[in-house]
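This report refers to the structure that appears directly beneath it.
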Amino acid sequence: MLQVKDLWVTYKSRRSAGVAAVRGVQFDIPDNTFVGLVGESGCGKSTLGFAIAGLLDPKRNNVQGEVMLDGQDLRKLPSEQMRALRWSKLSVVLQGGMNAFNPVLKIKHQFMDVMREHSNMSKAEMTERIAELLSAVDLDPSVMESYPHELSGGMKQRAAIALSLVLKPRLVILDEPTTALDAVVQRSIVTMLSDLQRELGFSVLFVSHDLGLVLEVAQRVMVMYAGQIVEDKPASMLMEQAEHPYTQALLGCYANPRAEHVSLSGIPGSPPDLRAVLRGCPFAPRCAKKMDICAVETPRLVKREEGSVLCHLYAPKEVTVR
Amino acid sequence: MSLREQGLQNKQTAPGRYVLELKDVSKVYEGRGHSTVAAYKVNFTVEPGKIVALVGESGSGKSTLARLITGIEKPTEGRITFGEWHVESLKSRQLRNYRKHVQMVFQDPFSALNPQNTVLHSIMRPLRRHLRLSEAEARERAFSIMSTVRLTPVEQFMNKKPHQLSGGQRQRLVIARAIAPEPELIVADEPVSMLDVSIRADVLNLIDEIRRTRNMSVIYITHDMLSARVLADEVIVLYRGHIVERGTSDEVLRNPSHPYTELLLESVPNPFEPKVRTASRAPEVSITRKQALVAPVKGAAGQGCPFAPRCPHVMDRCRTSIPSLTGDSRHQTACFKN
């Protein structure tokens, strides 16, 4: 359904060549799939989400490549048509999405605004749809009569998710939807979201820094580092046999809190400066399995039976002919 | 400066002499027509060089306790003593002296730092203000603190401003600033929850190292059970101002016995032990904030366990009386189930 081909995003800068936040990303999301996009802050994961949703200002960003949604290249659509597509085909929930509600309007009026703009439902139909959506996200339908300040953070984020589903989109992009929330609320929202995704059959691109959380809910996980997707695998496979040293290091940051002995490891160093031209593998300076080639040659994508990995360790041996 | 204050000032030497003790501490916020109990008869002590974690969700009262311990607010009832200070009755000047010994580290390293100040200035300020060091002494001490928190090479970091630092470096600067006046107690309110998972271990290790080398006590406030297990010696689980479970961190987290602790543990992202899906979908309450505020008042009025409305094992008794903590010093739980 969604196909992203060789996508590059560069933040323009007057002083330097700009920051290449997304570097030649390629993937697709089939119908009815929960995909997680994981990486540290500054790896370009949010930029990638925004680029797909067409939310980047073309004056400040240079976006290249294709974003195909059901055969239409979103990048070539005039802004009027893109506007019509948002909410109805693709919608976005942001990290601060719960604070994006208008504080002086009741929740139901914020839903109705979107519905009026994009459909011609009657008032009764709208009310019915709102009640249905609120129950879907485990909120009491009476919440629609509340003002945003009367709801807790978790409830607002639930309402924001309900709002994103109002026009039955095919794809919902969620950028760190639960990061500002507590562990218990986060858990219940993520579980709710994954149930809802399977019941209603839309696709999700769940952007998060939390690999542990994503592994629990997503069917497929893409790991991003320095603007590139370095590993892309079904969640169960990634859990058992992560191949990229970066993914392995990220997994080391988690532990079972009930285990007999618990220790946490981090990843030394910090991600590269994306303003610079990168030579070799960008993860090499922090990598535990670095080889000579990593500093000089950019790794190529290695296809796996399912998914792919971007690392010299797995490059097919070149056949030398005598 | 009064004689008593001078006396207190002269006495300060190496950290590790004072015990923090909370005795029957309660805090009630009065609102229009309702009151909120943020702490209810809380008792605990923190020995020198120990790390005690206060865990719970937002609204559990953990940050309120931090505010009471640092003297930002006064308890409605009960006593807080730290060495010879009676924290609940300190006046503003004594409070300033007290804060030299009790420092806070906040969650958000972005807003806790003055964007105009360089790294060196941020660390030197408390040295000059609290320890009254000369410019040159403070500078030298600041360099040694910078190497403690690994903001090195020092020459490279000293003139940087907060926006030139990464999140982890910023939090290390906040920690550097907190340890500068050589406090005896550090109250760290969610110090890693805004950081990337990959650098959390680094900051937690730093806190652990500091308390070992300087024998400082740490109160570590978090909702993350995993980091509490890794860092703390003792864990205190709070729910709506009540201590529901406490004990050594290994004991409490490996054998949780309060249903609320179990719920918190279940919520930890843990890819190593896949959960039964939908298991935790029900417990989170769908009530408005108004209702949430009203609910704990009932508990405080002696009408039952605060967790009863969310508890999967609730019994009749739970709605009528508040369970008290039972068990030995290694592990105590306030629940009728046991």
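Summary of computed values
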{"quantity": "Selection status of residue B:49, in contact with a Gly (Cβ under 7 Å, 6 or more places away or on another chain) and either crowded, with 18+ Cβ neighbours inside 10 Å or in contact (Cβ under 8 Å) with a residue 24 or more places away in the chain (or both)", "calculated": "yes"}
{"quantity": "Residue count for region B:125-177, restricted to those that are under 27 Å from residue B:107 (Cβ atoms) and charged (D, E, K, R)", "calculated": "10"}
{"quantity": "Verdict on residue A:126 being buried (at least 17 other Cβ atoms within 10 Å of the Cβ), part of a helix (DSSP H, G or I), in contact (Cβ under 8 Å) with a residue 24 or more places away in the chain and not acidic (Asp, Glu)", "calculated": "no"}
{"quantity": "For residue A:75: the one exception among (1) open to solvent by 60 Å² or more (accessible area, probe 1.4 Å); (2) touching an Asp or Glu at 6+ places or on another chain (Cβ under 7 Å); (3) in contact (Cβ under 8 Å) with a residue 60 or more places away in the chain", "calculated": "(3)"}
{"quantity": "Tally of residues being among the small types (Gly, Ala, Ser) and in a loop (DSSP other than H, G, I, E, B) across region B:58-112", "calculated": "8"}
{"quantity": "Among residues of region B:203-222, those that are open to solvent by 10 Å² or more (accessible area, probe 1.4 Å) and under 21 Å from residue B:331 (Cβ atoms), counted", "calculated": "0"}
{"quantity": "Yes/no for residue A:65 being buried (at least 17 other Cβ atoms within 10 Å of the Cβ), within 17 Å of the chain's Cα centre (by Cα) and in the same structural domain as residue A:244 (by TED's automatic domain parsing)", "calculated": "no"}
{"quantity": "Test: residue in region A:162-180 that is surrounded by fewer than 23 Cβ atoms within 10 Å (Cβ to Cβ), within 10 Å of chain B (Cβ to nearest Cβ) and in contact (Cβ under 8 Å) with a residue 24 or more places away in the chain", "calculated": "yes"}
{"quantity": "Hey, residue B:257 hydroxyl-bearing (Ser, Thr, Tyr), buried (at least 24 other Cβ atoms within 10 Å of the Cβ) and not in a strand (DSSP E or B) or not", "calculated": "no"}
{"quantity": "Filter result for residue A:65 (touching a residue at least 60 places away in the same chain (Cβ under 8 Å) and over 24 Å from residue A:176 (Cα atoms))", "calculated": "yes"}
{"quantity": "Within region A:286-318, considering residues that are surrounded by 15 or more Cβ atoms within 10 Å (Cβ to Cβ) and within 14 Å of chain B (Cβ to nearest Cβ), the one nearest to residue A:232 (Cα to Cα)", "calculated": "A:287"}
{"quantity": "Test: residue in region A:214-237 that is assigned to a helix (DSSP H, G or I), farther than 20 Å from residue B:267 by Cα and either open to solvent by 10 Å² or more (accessible area, probe 1.4 Å) or not assigned by TED's automatic domain parsing to the domain that holds residue A:40 (or both)", "calculated": "yes"}
{"quantity": "Cβ pairs under 7 Å, 6+ apart, first in region A:273-285 and under 18 Å from residue A:12 (Cβ atoms), second assigned to a loop (DSSP other than H, G, I, E, B) and modelled with pLDDT of 90 or more", "calculated": "A:274/A:226; A:274/A:227"}
{"quantity": "Members of region A:9-43 found to be out of contact with any Phe, Trp or Tyr (no Cβ under 8 Å at 6 or more places or on another chain), within 28 Å of residue B:165 (Cβ to Cβ) and open to solvent by 10 Å² or more (accessible area, probe 1.4 Å), listed by number", "calculated": "A:10, A:11, A:12, A:13, A:14, A:15, A:16, A:17, A:41, A:42"}
{"quantity": "So residue B:152, is it surrounded by fewer than 18 Cβ atoms within 10 Å (Cβ to Cβ), in contact (Cβ under 8 Å) with a residue 24 or more places away in the chain, more than 16 Å from residue B:181 (Cβ to Cβ) and hydroxyl-bearing (Ser, Thr, Tyr)", "calculated": "no"}
{"quantity": "Elements of type helices (runs of 4 or more DSSP H) in region B:154-246, at least 2 residues being over 30 Å from residue B:258 (Cβ atoms)", "calculated": "B:154-157, B:167-179, B:197-214"}
{"quantity": "Every residue from region B:146-182 that is of a type in the set (D, E, K, R), within 14 Å of chain A (Cβ to nearest Cβ) and farther than 21 Å from residue B:116 by Cβ", "calculated": "B:150"}
{"quantity": "Residues within region A:259-284 that are away from chain B (no Cβ under 14 Å) and either among the hydroxyl-bearing types (Ser, Thr, Tyr) or open to solvent by 90 Å² or more (accessible area, probe 1.4 Å) (or both), tallied", "calculated": "2"}
{"quantity": "Count - residues of region A:231-253 that are touching a Ser or Thr at 6+ places or on another chain (Cβ under 9 Å) and either at pLDDT below 90 or within 14 Å of chain B (Cβ to nearest Cβ) (or both)", "calculated": "6"}
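Rundown of residues vs (1) away from chain A (no Cβ under 14 Å); (2) open to solvent by 50 Å² or more (accessible area, probe 1.4 Å), yes/no style:
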{"position": "B:91", "(1), (2)": "yes, yes"}
{"position": "B:107", "(1), (2)": "no, yes"}
{"position": "B:114", "(1), (2)": "yes, yes"}
{"position": "B:119", "(1), (2)": "yes, no"}
{"position": "B:127", "(1), (2)": "yes, no"}
{"position": "B:139", "(1), (2)": "yes, yes"}
{"position": "B:144", "(1), (2)": "yes, yes"}
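Condition check ((1) modelled with pLDDT under 90; (2) within 27 Å of residue B:60 (Cα to Cα); (3) within 20 Å of the chain's Cα centre (by Cα)) across all residues:
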residue: B:153; (1), (2), (3): yes, no, no
residue: B:159; (1), (2), (3): no, no, no
residue: B:162; (1), (2), (3): no, no, no
residue: B:177; (1), (2), (3): no, no, yes
residue: B:180; (1), (2), (3): no, no, yes
residue: B:184; (1), (2), (3): no, yes, yes
residue: B:187; (1), (2), (3): no, yes, yes
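The values are calculated or read from the model by the stated rules, or taken from the named source; none is laboratory data. Bear in mind that the values here come from a model prediction, so they are computed numbers and not experimental data. All Cβ positions, even for glycine, are placed from backbone atoms using ideal geometry, and neighbour counts span all protein chains on display. These area figures cover heavy atoms from the full protein model, side chains too; ligands, DNA and RNA do not enter into them. Shrake-Rupley method; radii C 1.70, N 1.55, O 1.52, S 1.80 Å.
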